[in-house]
Amino acid sequence: MDFQVVVLAGGTSKKLVPLVSKEVPKALLPVANRPVLSYVLEQLELSNIKDLIVVVEGADAALCVGGWISAAYVDRLHVEVATVPEDVGTAGALRAIAHHLTAKDVLVVSGDLVSDVPPGAVTAAHRRHDAVVTAMICSVPVSGLSEAGSSGAKDKTKKPGRYNIIGMDPTKQFLLHIATGAELEKDTRIRKSILRAVGQMDIRADLMDAHMYAFNRSVLQEVLDQKDKFQSLKQDVLPYLVRSQLKSEILINGAPQGQQAKENGNDKVSYRILANASTPSFHELYALGPNGSAPVRRTHKCCVYIASNSKYCVRLNSIQAFMDINRDVIGEANHLSGYNFSAQNNIIHPSAELGSKTTVGPHCMLGEGSQMGDKCSVKRSVIGRHCRIGSNVKVVNSVVMNHVTIGDGCSIQGSVICSNAQLQERVALKDCQVGLGYVVSAGCEYKGESLARKEK
């Protein structure tokens, strides 16, 4: 097998409380009434990738995710669900399933990625350059919010945020520098050896790491074995490979990078190949000895695949991102939803029932079996399956999950209402999240609150 595919589906992310719970892990959070994980799986299926490993943190979450996959993708995909301990991190998750990885290369995809970029484009770039890692990067999302997100709509300003600082060579094929997390607040420092080797560097703050990586499997396993403190692919493994690419310490397929062509004691083989190459990379030129003699330095290639600006690419890694993605997938990115929108640019399930003078506007979705009373208004919102909504209810810029009951006269704006929650009469919510099964008492008004039952 040339490529193996691993989907890192997470568990019950603390950043997404109270949206996630033991009953609804992150991978099953709804985007336009479909689990977010379905968007990754269907992109892989479109690329004719049918065999994959889905890694889930925690036994309870793995049971939920595995059950859903078995029901939704029977006879379509062959999926092995691997359970790893909670909070091991993305690098720790791969370390835990290393014995399952046998192919030459591994494609690692975040299970919270909603995108229409074909995974095959990343693997093709990886193979073309014979890289040790190829990272997909894309434009910062429209909302421009920080990766930490916000719990509501407190960060309404649409100013650009900084997810990463990314340095590339002039051809925009090779990754020369990446800063993430706390490093964004520090001065950017570039290694002189990189600058000398490449000549100039394109520094970008308007791009982000999309958390789709193609790795040389032997290199990945070597790094995970030797660097046992590494927990994150994004913050540990990728920056390490980028920093060390001109003084490589890794072995590729059992041999040091840059020395694979030194077979049969002939150091000149690799130099002759390089001399005949039409466009040698700066890595190959840097590796050469004095006056262009046989390579004397060990290097490895870290590549990027830059998604086109016309493509959609956002991760559901915060509550704000959850709101944004739901808005987009029933709006300008509705081609991702898998549904056929009506002439009014909305989706009302045939089994849904609307009362007298109730309106469901453009960029809205009303799920199967849901009922709305008289004189209701829904704008730019998703309403799930089998909801019971009274009369004179207003829902704006919100997501209402499944089996929710909303009493007469309620007003819901910029909020998320999780499954089985109940809003009694005349409740007013603005920029709130209501957790699974929570009951909001009649006449209550909340702004910017997270309302949830205490975990037992």
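The values are calculated or read from the model by the stated rules, or taken from the named source; none is laboratory data. Computed from a predicted structure; not experimentally measured. Here the Cβ positions follow ideal geometry from the backbone for every residue, glycine too, while neighbour counts run over all protein chains shown. Heads up: the accessible areas ignore ligands, DNA and RNA and are worked out on the full protein's heavy atoms, side chains in. Shrake-Rupley method; radii C 1.70, N 1.55, O 1.52, S 1.80 Å.
Find the strands (runs of 3 or more DSSP E) located wholly in the range 37-150 whose residues include 1 or more that are over 30 Å from H177 (Cα atoms) and either of a type outside the set (G, A, S) or modelled with pLDDT under 95 (or both), and list them.
51-57, 78-84
Given the residues L52, L44, L77, L63, which is the only one that is in the same structural domain as M212 (by TED's automatic domain parsing) and over 29 Å from E368 (Cα atoms)?
Just a single option satisfies the conditions, and that option is L52.
Kindly indicate whether K454 is farther than 28 Å from N345 by Cα and at pLDDT below 95.
yes
Output the residues belonging to the range 22-36 that are assigned to a loop (DSSP other than H, G, I, E, B) and within 19 Å of V81 (Cα to Cα).
K22, E23, V24, P25, L29
For the range 396-405, indicate whether the set of residues that are open to solvent by 50 Å² or more (accessible area, probe 1.4 Å) and either farther than 23 Å from P350 by Cα or at pLDDT below 95 (or both) is non-empty.
No.
So, in the range 195-243, how many residues would count as being in a loop (DSSP other than H, G, I, E, B), under 17 Å from V88 (Cα atoms) and not hydrophobic (A, V, I, L, M, F, W, C)?
Residues meeting the conditions: 5.
Report every pair of residues separated by at least 6 positions or lying on different chains whose Cβ atoms are under 6 Å apart, first residue within the range 372-386 and open to solvent by 20 Å² or more (accessible area, probe 1.4 Å), second in a strand (DSSP E or B) and β-branched (V, I, T).
S377/T359; K379/V396
For the range 295-344, what are the residues that are farther than 30 Å from S450 by Cα, outside any strand (DSSP E or B) and open to solvent by less than 50 Å² (accessible area, probe 1.4 Å)?
T299, H300, K301, A307, F341, S342
What number of residues within the range 11-52 are open to solvent by less than 20 Å² (accessible area, probe 1.4 Å) and more than 16 Å from the chain's Cα centre (by Cα)?
7
For the range 53-68, which residues satisfy the criterion of being within 20 Å of Y213 (Cβ to Cβ) and either over 17 Å from the mean Cα position of the chain (by Cα) or among the aliphatic types (A, V, I, L, M) (or both)?
I53, V54, V55, V56
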